[in-house]
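The values are calculated or read from the model by the stated rules, or taken from the named source; none is laboratory data. Just so it is clear, the model here is predicted, and its values are computed rather than measured. Ideal geometry is used to build each Cβ from the backbone, glycine not excepted, and the neighbour counts take in all protein chains shown. Keep in mind that these areas ignore ligands, DNA and RNA; they rest on the heavy atoms of the full protein, side chains included. Shrake-Rupley method; radii C 1.70, N 1.55, O 1.52, S 1.80 Å.
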Amino acid sequence: MRNIQYILIFIGILLLQFSCRDGAAKNNGVAIFECPMHCEGDITYNEPGNCKICKMDLMEVAKSVRKVEADYISEESIFNLTTKWVTEENRTIELKDLKGKTLVMVMIYTTCKAACPRLVADMRNIEKQLPQENRKNMHFVLVSIDPETDTPEHLKAFALENQMDEEHWTFLQGTKDGVREFANVLAMKYKQISPIDFSHSNIISVLNAKGELIHQQEGLGVDNKETILKIKELIR
Amino acid sequence: MPINKEHISSVNKAIVRWGICFVLFWTTHADCQSKMAFITGGTYVPLYGRDSLQVTISNFFMDVYPITNEEFVAFVRKNPKWKKSKAKKLFVDGNYLVQWKSDIELDSSQNLKAPVTSISWFAAIAYCDCQGKRLPTVDEWEYVAMANENLADARPLKTYNQFILSWYEKPKTYNNSIGSTFKNYWGVYDLHGLVWEWTSDFNSVLVSGESRKDVDKDSNLFCGSAAIGATDLMNYAAFMRYAIRGSSKAKYTMRNLGFRCVKDKN
């Protein structure tokens with residue numbers, strides 16, 4: 001009987017190790033400093049310096065987790081999504097690879113005959129009204145809601161056809177779940193209503209360089225003055 | 001030193017026992033993870049369908065009960081990033097697990113065996129994913145939920161609709177234990193009577209058409225025009241569910257919105 005007890009305990013311990021993949025949250029923190037003598041209790045600082053009380057040099061906490069600030073992803077950032085996407089150039093990326101530029105995003109599907117051409121026109125219209133010299137600070141992203149049909153080849157053809165093939169345009173093919181998750185992050189609705197058609201919300205989203213949602217324009221052919229104003233503020 | 005035969009045989013026995021335990025453990029564990037009912041697929045006409053009206057459902061397994069508070073406590077213990085204090089704002093609103101006393105403790109008024117609520121779609125997805133399962137689609141959920149005790153599709157029955165509507169009038173059913181409502185045709189409990197449940201593609205419900213502009217406020221839930229397009233205008237109970245889905249966002253949490261998981265048949 002003793003043996004069985006030991007075995008059960010052993011299995012119990014084994015079990016405790018099981019947890020979901022990605023269970024340990026990644027530590028994206030910037031460097032934190034504290035007084036080695038803890039004169040001020042648990043108070044920490046974001047930069048090095050001296051303790052106000054004992055004047056000792058502040059010590060960095062958990063040096064190993066330190067990363068450059070540029071790597072920091074805020075709680076509201078869409079860069080928290082870790083799904084993979086394929087671009088029209090057949091490159092596999094994650095959303096955080098788009099970091100550092102103001103993002104203008106829309107969800108479409110290329111076989112769409114009704115709303116999407118107008119949404120695409122709205123995107124081009126917005127692009128045209130923005131200063132050329134700031135192009136390198138922004139990125140226009142069109143995400144397909146029909147990942148089965150919209151392969152990289154289809155997306156590339158669509159990009160060429162609509163003269164949206166320059167550097168600052170990117171088309172993304174995701175997975176079914178990835179697209180659903182992405183849509184939910186931007187509070188977008190869509191439904192496949194037949195094998196070739198979807199109904200979907202017409203929303204253009206503006207995100208800052210950190211991937212945080214700043215503005216959404218809803219509807220087709222609406223006055224995009226406010227959207228352009230927001231983008232200009234961001235790319236300045 | 002002479003080798004002790006008894007010792008060897010006891011070691012052998014231990015190995016055998018260990019093996020048996022391990023095998024037993026996996027079979028029982030797979031079972032106790034949470035009971036699932038087998039759902040035979042079929043076609044039906046949901047309240048809001050596609051162009052062809054008929055929807056086809058494949059065979060799948062569904063959790064017999066909604067996920068409980070107790071189960072969710074165990075989940076956040078193992079997955080600290082879903083603790084109330086750690087969950088990212090992209091994935092949950094400010095009311096995530098709002099009643100919980102701490103990251104791993106319920107409030108004393110909460111029932112451990114009651115369905116977990118105040119969780120977002122993202123949290124529900126993560127939970128099911130962790131179990132090797134997924135959330136049901138709207139069509140799958142509605143397919144199982146149209147059953148009463150004896151019929152796979154009880155929607156034409158007055159008693160079926162009355163039960164759901166009378167539940168809508170009862171306050172605080174979210175704190176009742178799982179299994180306290182009826183066992184339906186498929187052997188699934190509590191689809192009606194305790195809480196509403198998340199579905200994987202809840203954001204496919206465009207109650208009012210192209211723009212979401214007029215579906216983001218509670219006042220629009222009762223908008224009569226939204227029922228146009230429904231296949232059964234009398235099915236007010238189901239209409240309410242679609243209206244809730246149409247007005248939800250994935251990071252929203254609600255006191256009376258929980259979830260359960262499903263699994264494909266291989």
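Here is a list: A:Leu98, A:Leu155. Which entry is touching a residue at least 60 places away in the same chain (Cβ under 8 Å) and within 15 Å of the chain's Cα centre (by Cα)? It would help to see each step written out before you state the result.
Working: A:Leu155 fails: within 15 Å of the chain's Cα centre (by Cα).
Step by step, each of A:Leu98, A:Leu155 is checked, and only A:Leu98 is touching a residue at least 60 places away in the same chain (Cβ under 8 Å) and within 15 Å of the chain's Cα centre (by Cα).
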Q) Taking into account only those residues within region B:50-82 that are more than 14 Å from every other protein chain (Cβ to nearest Cβ) and acidic (Asp, Glu), which is surrounded by the most Cβ atoms within 10 Å (Cβ to Cβ)? A) B:Asp63
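Residues are listed down the side, and each one gets a yes or a no for (1) at negative phi; (2) within 14 Å of chain B (Cβ to nearest Cβ); (3) crowded, with 16+ Cβ neighbours inside 10 Å; (4) not basic (Lys, Arg):
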site: A:Ala159; (1), (2), (3), (4): yes, no, yes, yes
site: A:Asp165; (1), (2), (3), (4): yes, no, no, yes
site: A:Ile196; (1), (2), (3), (4): yes, yes, no, yes
site: A:Asn202; (1), (2), (3), (4): yes, yes, yes, yes
site: A:Val222; (1), (2), (3), (4): yes, yes, no, yes
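Just for strands (runs of 3 or more DSSP E) wholly inside region A:83-140: which have at least 3 residues that are at negative phi and open to solvent by less than 10 Å² (accessible area, probe 1.4 Å)? Reasoning before the result, please.
Values: elements: A:84-87, A:92-94, A:102-108.
Per the criteria, A:102-108.
Let me confirm something: among B:Pro115, B:Pro171, which residue is under 13 Å from the mean Cα position of the chain (by Cα) and either open to solvent by less than 20 Å² (accessible area, probe 1.4 Å) or away from chain A (no Cβ under 14 Å) (or both)? Walk me through how you get there before you give the answer.
Details: B:Pro171 fails: under 13 Å from the mean Cα position of the chain (by Cα).
Answer to the check: B:Pro115.
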Q: Return yes or no: is B:Val144 among the aliphatic types (A, V, I, L, M), touching a residue at least 24 places away in the same chain (Cβ under 8 Å) and either in a loop (DSSP other than H, G, I, E, B) or not assigned by TED's automatic domain parsing to the domain that holds B:Thr43 (or both)?
A: no
(Q) Restricting to region A:204-216, count the residues that are without any contact (Cβ under 8 Å) to a residue 24 or more places away in the chain and open to solvent by less than 10 Å² (accessible area, probe 1.4 Å). (A) 0
Q) Within region B:176-205, restricting attention to residues that are open to solvent by 20 Å² or more (accessible area, probe 1.4 Å) and within 14 Å of another protein chain (Cβ to nearest Cβ), which residue is modelled with the lowest pLDDT? A) B:Asp201
